[in-house]
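The values are calculated or read from the model by the stated rules, or taken from the named source; none is laboratory data. Nothing here was measured: the structure is a model prediction, and the numbers come from that model. So basically every Cβ, Gly included, is an ideal-geometry build from the backbone, and we count neighbours across all protein chains shown. Side chains are part of the model used for accessible areas, which takes the heavy atoms of the whole protein and leaves out ligands, DNA and RNA. Shrake-Rupley method; radii C 1.70, N 1.55, O 1.52, S 1.80 Å.
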Amino acid sequence: MDMLRIDDLHRRFGEKEVLKGLNLSVPENSIFGFIGRNGAGKTTTMKTVLGLLRPDRGEITVAGEKVEFGQTATNRFIGYLPDVPEFYSFMNPQEYLYFCGEITGMDKKEIRSRTDELLELVGLQYEKHRVKGFSRGMKQRLGIAQALLNRPKLLICDEPTSALDPMGRKEILDILMQVREQTTVLFSTHILSDVERICTDIALLNDGKVAVQGKLSDIKTMYRSDEFLLETETEADLVAIQNAFPFVEKIGRTQLTFRERKHTQFDVLNFVTNHRIRLSKLDRVEPSLEDLFMEVVDK
Amino acid sequence: MKSLFAFMKKEILEQIRTGKIILLGLLFVLFGIMNPAIAKLTPWILESVADTMESSGMVITSVTITAMDSWTQFFKNIPIGLIAFVLIESSILTKEYSSGTLILSLTKGLERFKVVVTKATVLTVLWTICYWMCFGITYGYTAYFWDNSIAQNLIFSIVCWWVFGVMVVALMVVFSTLAKSNTGVLCGTGGVVFASYMLGMLPKCSKYMPSYLTDGNSLIYGLTDAEKYMPSLIIAAGLSVICLVISIPIFNKRHL
Ligand SMILES: Nc1ncnc2c1ncn2[C@@H]1O[C@H](COP(=O)(O)OP(=O)(O)OP(=O)(O)O)[C@@H](O)[C@H]1O
Ligand SMILES: [Mg+2]
């Protein structure tokens, strides 16, 4: 079943059409990477899912229920971490999670145990200071804790890692990995290495629409790169190949790459065999998300 | 219900921890003491400047101070108290938009009307406590030094001013649901009050304007009948209710 379904979502701000018929389906228990460059409309999409923005057109369902703008009952399924989470700065983390539990209608005993559990998960269990002096990283962690408080079926995180240093990023990603058993995670980002690290599924947002979406592994095979890496034993051999094939690219003393669409691997290997060149390596280059992203965006 | 109380508890905690309650408390206690104190000190002040005045040709005859002077001070100072109250509390809702704190509460399932109800309740209760505390202090000192019974319609005039304050609070709430920042709230609230004063200058509509309620002096000196205050009292009360009622659907439609 799809945890979240978006059908033909349109949204404009004034003259600017930000979403032009976006379709998205997030399968249950996936870690779903929602990728798009700055201003692509990631935050807009998420806010619409949360009923904070009214869509111009389109339908959204969360756990099979339709999302309504304003009074949004489907939010009971969702935990949300905004791009810049802000909490009541006069409270400390315990008090804040308590407050969150109370407005969600959890009972006292559960709030207490869940608060302790989550503060430990995000590493804030000894933090007794008020939120006022918190760093971005600490706020991000408290943000994850509050989002997970009422055991949401869907956790929506808006760029949870973009403001963090590498250590902080790794910690947040680890937390997302850990909660995967309990919930579906949808997170937006433009940091592709984060996506490669933890995502099972991705969607690429470009020009107001989802350009590609699916299992990360499927997409990688589908967009299999036509690039090969070739390594010779001597530099002279490399130069010989270079002279015969104008479109190869030298990337090291004995290394070059070429693309199938320019020179087929058979032509190159033919040349190698005919000239009795010894190879130390011939490799198909794994496509990176970067390439994929560029390819989709360039189209 | 539980979530309403939780949000209200948070609101009160905020008022306490950000020091707003203390500030307002001090301010209104100070005003409460100042009203009789200024009245009490008037002869003494006049005496001390009498010499200089005399040399410039003015002769000051001794003045008798009564409870009326204390209450005149009250009606002179309470507008400043209300303005301070509005300035201190004007960002009560708009700050939650700009910081984004409200988004987390709402996405946790807090119904929107509860936000409006909480903010309106807290503001009204705060205003009521501050105002009547200020009144109580002035009343106590005035009774101690002079005789309150010479002021006519005293309680009625005080109630009128309180209703005016409640209306201002209701305006603050409705403009908070419309505006983006507290500047909008201040302009809206100030604008309506200003318009009411301006229209009040036209003899034809003066007695229908809520600002009519702020003329407590005419009441305590017995210059105007209490009856005459009824239209403006009803209009102010009606306007308050309308403001509070429409702020709920306005807030429900708001994009955050
Ligand atoms: N309230 C608004 N009023 C007008 N324009 C808006 C509003 N919110 C968003 N936009 C516009 O919509 C576009 C998409 O914004 P959005 O915040 O959804 O992008 P994003 O993908 O989240 O970007 P980022 O990676 O920077 O967070 C932007 O061009 C922005 O200018
Ligand atoms: Mg964004």
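Examine segment A:82-104 for a residue that is touching a strand residue (DSSP E or B) at 6+ places or on another chain (Cβ under 7 Å), on the phi > 0 side of the Ramachandran plot and either within 16 Å of ligand 2 (Cβ to nearest atom) or free of Cβ contacts under 8 Å to residues at least 24 places away in the same chain (or both), and state whether such a residue exists. Scanning segment A:82-104 turns up no residue that is touching a strand residue (DSSP E or B) at 6+ places or on another chain (Cβ under 7 Å), on the phi > 0 side of the Ramachandran plot and either within 16 Å of ligand 2 (Cβ to nearest atom) or free of Cβ contacts under 8 Å to residues at least 24 places away in the same chain (or both).
Only residues that are exposed (fewer than 15 other Cβ atoms within 10 Å of the Cβ), touching a residue at least 24 places away in the same chain (Cβ under 8 Å) and part of a helix (DSSP H, G or I) were counted in segment A:16-73, giving 0. Criterion applied to A:250, A:209, A:215 was being of a type in the set (Lys, Arg) and at pLDDT below 90, and the one residue passing it is A:250. Among the residues of segment A:277-290, those that are closer than 18 Å to residue A:196 by Cα and open to solvent by less than 70 Å² (accessible area, probe 1.4 Å) comprise A:285, A:287, A:288, A:289.
So, in segment A:74-107, of the ones that are assigned to a helix (DSSP H, G or I), more than 7 Å from every other protein chain (Cβ to nearest Cβ) and more than 26 Å from residue B:15 (Cα to Cα), which residue ends up least open to solvent (accessible area, probe 1.4 Å)? Checking each candidate, the answer is A:74. The residue that is farthest from the chain's Cα centre (by Cα), counting only those in segment B:18-52 that are within 14 Å of chain A (Cβ to nearest Cβ) and open to solvent by less than 80 Å² (accessible area, probe 1.4 Å), is B:18. Among the residues of segment A:218-225, are any within 25 Å of residue A:77 (Cβ to Cβ) and either more than 16 Å from ligand 1 (Cβ to nearest atom) or more than 14 Å from every other protein chain (Cβ to nearest Cβ) (or both)? No - not one qualifying residue is present in segment A:218-225. Applying the condition of being within 14 Å of another protein chain (Cβ to nearest Cβ) and polar (S, T, N, Q) to segment A:1-58 and asking which residue is farthest from residue A:71 (Cα to Cα) yields A:43. For the residues A:273, A:221, A:254, the requirement of being loosely packed, with under 15 Cβ neighbours inside 10 Å, more than 28 Å from residue A:4 (Cα to Cα), out of contact with any Cys (no Cβ under 7 Å at 6 or more places or on another chain) and among the hydroxyl-bearing types (Ser, Thr, Tyr) singles out A:273.
Tell me which residues, restricted to segment A:224-251, are in a helix (DSSP H, G or I), open to solvent by less than 50 Å² (accessible area, probe 1.4 Å) and under 30 Å from residue A:289 (Cβ atoms). Selection gives A:238, A:241. Does residue B:226 satisfy the condition of being surrounded by 14 or more Cβ atoms within 10 Å (Cβ to Cβ), at pLDDT 95 or above and of a type outside the set (D, E, K, R)? Criteria not met by residue B:226. Any idea which of A:154, A:118, A:148, A:142 is away from ligand 2 (no atom under 16 Å from the Cβ) and either touching a Pro at 6+ places or on another chain (Cβ under 8 Å) or open to solvent by 20 Å² or more (accessible area, probe 1.4 Å) (or both)? Being away from ligand 2 (no atom under 16 Å from the Cβ) and either touching a Pro at 6+ places or on another chain (Cβ under 8 Å) or open to solvent by 20 Å² or more (accessible area, probe 1.4 Å) (or both) holds for just one of A:154, A:118, A:148, A:142, which is A:142. Report whether or not residue B:92 is within 14 Å of another protein chain (Cβ to nearest Cβ), in contact (Cβ under 8 Å) with a residue 40 or more places away in the chain, under 19 Å from the mean Cα position of the chain (by Cα) and crowded, with 20+ Cβ neighbours inside 10 Å. When the stated conditions are applied, residue B:92 passes them.
For segment A:1-15, a residue qualifies if it is more than 15 Å from ligand 1 (Cβ to nearest atom) and open to solvent by 30 Å² or more (accessible area, probe 1.4 Å), and the qualifying residues are A:1, A:2, A:5, A:7, A:8. Applying the selection to segment B:122-155, what residues are within 15 Å of the chain's Cα centre (by Cα), surrounded by 15 or more Cβ atoms within 10 Å (Cβ to Cβ) and of a type in the set (S, T, N, Q)? If the condition is that a residue be within 15 Å of the chain's Cα centre (by Cα), surrounded by 15 or more Cβ atoms within 10 Å (Cβ to Cβ) and of a type in the set (S, T, N, Q), then B:124 is the only one that fits. Restricting attention to segment A:270-295, the residues that are closer than 17 Å to residue A:233 by Cα and in contact (Cβ under 8 Å) with a residue 12 or more places away in the chain total 10.
In the condition set (1) within 8 Å of chain B (Cβ to nearest Cβ); (2) within 20 Å of the chain's Cα centre (by Cα); (3) on the phi > 0 side of the Ramachandran plot; (4) not β-branched (Val, Ile, Thr), residue A:70 is compliant with all but (2). Name the residue that is least open to solvent (accessible area, probe 1.4 Å), counting only residues in segment B:240-256 that are in a loop (DSSP other than H, G, I, E, B) and not basic (Lys, Arg). The selected residue is B:256.
Residues being part of a loop (DSSP other than H, G, I, E, B) and out of contact with any strand residue (DSSP E or B) (no Cβ under 8 Å at 6 or more places or on another chain) are entirely absent from segment B:230-238. For segment B:216-250, a residue qualifies if it is touching a residue at least 24 places away in the same chain (Cβ under 8 Å) and not aliphatic (A, V, I, L, M), and the qualifying residues are B:216, B:217, B:221, B:222, B:229, B:231, B:232, B:240, B:243, B:247.
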